[in-house]
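The values are calculated or read from the model by the stated rules, or taken from the named source; none is laboratory data. Given the structure is predicted, the values throughout are model-derived calculations rather than measurements. Positions of Cβ are backbone-derived with ideal geometry, glycine not excepted, and every protein chain shown enters the neighbour counts.
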Amino acid sequence: MNFTKISIPLTYILGFLCAILSSVSAQQAPTFSEYNYNPFIINPAYAGLTESTEISISNAGFFNSFEGSPRSFALSAHGSANRKKVGLGAGIIRDEIGVTTATHFFAAYAYKIYFDLQGQRPYWQNYTPGVLSFGITAGVQQYQDNLLDLGIMGDQSFAQNVNATIPMVGLGILFNHDTFYVGISTPNVIGNTLSSEENLNLSNPYFGYFGYRFYNTIFEELMIKPNVLLKYENGAPLQADFNVAISFKNKFELGTGYRTSNSINFLAGIYVLKNMRAIYNYNLAINDSPLGSTHGLILSYQFGNGYQKR
């Protein structure tokens with residue numbers, strides 16, 4: 001008996017998997033660097049929480065070894081107004097996987113309530129303690145699924161491309177203290193109600209995260225920062241990220257972590273001239289994940305005193 005070897009491009013396989021397994025939601029799980037070093041990407045309540053206006057550029061997956069693997073790019077900026085009671089921001093997020101591309105444009109507003117809470121923190125750390133912030137985003141997502149590129153015949157699910165415009169409204173709450181922070185958010189509470197494509201089945205993720213800042217005057221130049229991110233999405237298992245990073249006077253950082261049933265994470269960062277920060281992270285895929293390992297980079301610039309108090 002003769003067998004014919006069939007070679008199928010990996011891009012097609014990824015595209016097919018995404019079309020079958022996903023629920024047409026371009027919001028991917030944030031990378032290790034993004035939600036730890038730019039929480040504004042997943043929670044509008046973070047807008048204006050930094051001492052001065054901050055601009056961030058991040059990407060993940062652009063150095064992956066095979067075509068069609070997940071890629072993401074984000075550009076965001078946020079700052080404060082009205083004596084820091086109001087936070088304003090905007091951003092662009094673009095996700096690609098297989099034949100699917102989604103681009104999200106959004107603007108954010110946050111209102112803050114301050115508390116007179118004093119804790120113990122290092123002299124070099126620069127953030128505002130005792131803040132309860134409520135945030136909202138409004139935006140639009142352009143979703144494209146080039147299903148015809150897969151060349152699958154005889155299946156109506158792949159008979160035409162999908163090109164949809166999806167209005168989005170997100171919400172978030174964040175409490176920040178000297179020693180810890182906790183927040184919850186969701187990127188789109190209205191789902192596919194106003195989508196230009198009737199056949200979309202949007203799944204809206206919900207995020208919850210908590211972090212702690214360990215600091216002791218004995219080691220006053222070090223801060224240990226463990227944190228947990230939980231992601232819930234209807235029809236998918238609960239995803240949890242457990243991470244820890246060590247910061248030396250906001251001059252450089254090292255970190256590691258674990259994403260349930262998905263990857264082990266590694267991180268290294270450096271602060272340049274106190275106003276600029278560069279964070280590199282590597283997500284090492286485990287359990288034979290078909291999406292592979294991912295390199296990521298985030299660059300941030302904060303005006304004023306930057307990331308150090310002095």
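Only one entry in Tyr258, Tyr282 is more than 27 Å from Thr103 (Cβ to Cβ), free of Cβ contacts under 8 Å to residues at least 24 places away in the same chain and surrounded by fewer than 21 Cβ atoms within 10 Å (Cβ to Cβ), namely Tyr258.
In the stretch 59-93, the residue that is modelled with the lowest pLDDT out of those that are assigned to a loop (DSSP other than H, G, I, E, B) and among the hydroxyl-bearing types (Ser, Thr, Tyr) is Ser65. For the stretch 230-237, check the following and say yes or no: at least one residue is at negative phi, touching a Phe, Trp or Tyr at 6+ places or on another chain (Cβ under 9 Å), buried (at least 16 other Cβ atoms within 10 Å of the Cβ) and at pLDDT below 90. Yes - at least one qualifying residue is present in the stretch 230-237. Pick from the stretch 36-58 the residues that are among the small types (Gly, Ala, Ser) and closer than 21 Å to Val228 by Cβ: which of them is modelled with the highest pLDDT? It comes out as Ala45.
Restricting attention to the stretch 33-51, the residues that are part of a helix (DSSP H, G or I), more than 16 Å from Leu171 (Cβ to Cβ) and hydroxyl-bearing (Ser, Thr, Tyr) total 3. Going through the stretch 187-220 one residue at a time, which ones are surrounded by fewer than 20 Cβ atoms within 10 Å (Cβ to Cβ) and outside any loop (DSSP other than H, G, I, E, B)? Those that are surrounded by fewer than 20 Cβ atoms within 10 Å (Cβ to Cβ) and outside any loop (DSSP other than H, G, I, E, B): Tyr206, Gly208, Phe210, Tyr212, Phe214, Thr217, Ile218, Phe219.
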